[in-house]
Amino acid sequence: MAREVTQEAFAAAWAAGALVVDVREADEYAAGHVPGARLMALRTVPTRSGELPTDRPVFVICASGNRSRTAADWMNSRGVDAYSVTGGTGTWARAGRPVVAGPQERAA
């Protein structure tokens, strides 16, 4: 079972520069996401989880917390220290925390 983190604990980790992975689809991500979140749609997690570090926590977020639990389970089984964010992006936004719209920026 995926380990979960509260919105408050996630907010503190995010403010400290934590790695955030958003497992929603690209259109959902573009509509609004946690600033700095890396897009990795749930269906791609099995093939892309090797891109994630194993030496620091990874916070996994979706719309409400369902897909992020599935993704965090998969990541944990592959050696990633992953935590599902309870309530997801919806709860994050409703709490008045920052959300940005638009596609993921590409690294140069």
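Placing R0 at 22 angstrom, the Cβ-Cβ distance between residue 78 and residue 16 gives a FRET efficiency of 0.35 after rounding to 0.05. For the chain, DSSP calls about 10 percent of its internal beta bridges antiparallel.
What the chain shows is 52 Å² of accessible area per residue, with the surface traced by a 1.4 Å probe over protein heavy atoms. Across the chain, C-alpha contacts under 8 Å between residues 6 or more apart give a mean separation that, scaled by the residue count, equals a relative contact order of 35 percent.
Ignoring ligands, DNA and RNA, please state the percent of accessible area on the range 1-73 from carbon and sulfur, probe 1.4 Å. Show your work: numbers first, answer last.
Working: 1860 of 3430 Å².
Whole-percent figure for carbon plus sulfur exposure: 54.
Between rounded, prolate and oblate, where does the range 1-63 land on the alpha carbon gyration tensor, with a ≥ b ≥ c its root eigenvalues, rounded for a/c under 1.5, else prolate if a/b exceeds b/c? It is oblate, given that a/c is not under 1.5 and a/b is not larger than b/c.
Just to be sure I follow the definition: excluding the sites themselves, where is the longest run in the chain that has none of the trypsin sites (Lys or Arg not before Pro) in a DSSP loop with at most 16 other Cβ atoms within 10 Å?
In the chain, the maximal stretch lacking such sites is 4-77.
Does the chain come out rounded, prolate or oblate, given a ≥ b ≥ c as the square roots of the eigenvalues of its C-alpha gyration tensor, rounded meaning a/c under 1.5 and, failing that, prolate meaning a/b above b/c? Each step should come with its number before you reach the end.
Working: a/c = 1.42, a/b = 1.17, b/c = 1.21.
It comes out rounded by the Cα gyration axes.
Nearest 20 debye, what's the magnitude of the dipole of the range 68-108 about its Cα centre given +1 on Lys and Arg Cβ and -1 on Asp and Glu Cβ?
120
Each residue of the range 47-63 was assigned a 3J(HN,Hα) from its phi angle through the Karplus expression (A = 6.51, B = -1.76, C = 1.60, θ = phi - 60°), giving 8, 10, 4, x, 7, 8, x, 10, 9, 7, x, 10, 9, 9, 10, 9, 6 Hz with x at Gly and Pro.
For residue 19, the residues whose modelled amide H falls within less than 5 Å of its own, excluding neighbours fewer than 5 places apart on the same chain, are 59.
Using only side-chain charges placed at the Cβ, +1 for Lys and Arg and -1 for Asp and Glu, the dipole size of the chain relative to its Cα centre rounds to 60 debye.
The values are calculated or read from the model by the stated rules, or taken from the named source; none is laboratory data. Bear in mind the structure is a predicted one, so any value in this text is a computation, not a measurement. Positions of Cβ are backbone-derived with ideal geometry, glycine not excepted, and every protein chain shown enters the neighbour counts. The accessibility values were calculated without ligands, DNA or RNA, using every heavy atom of the protein model including side chains. Shrake-Rupley method; radii C 1.70, N 1.55, O 1.52, S 1.80 Å.
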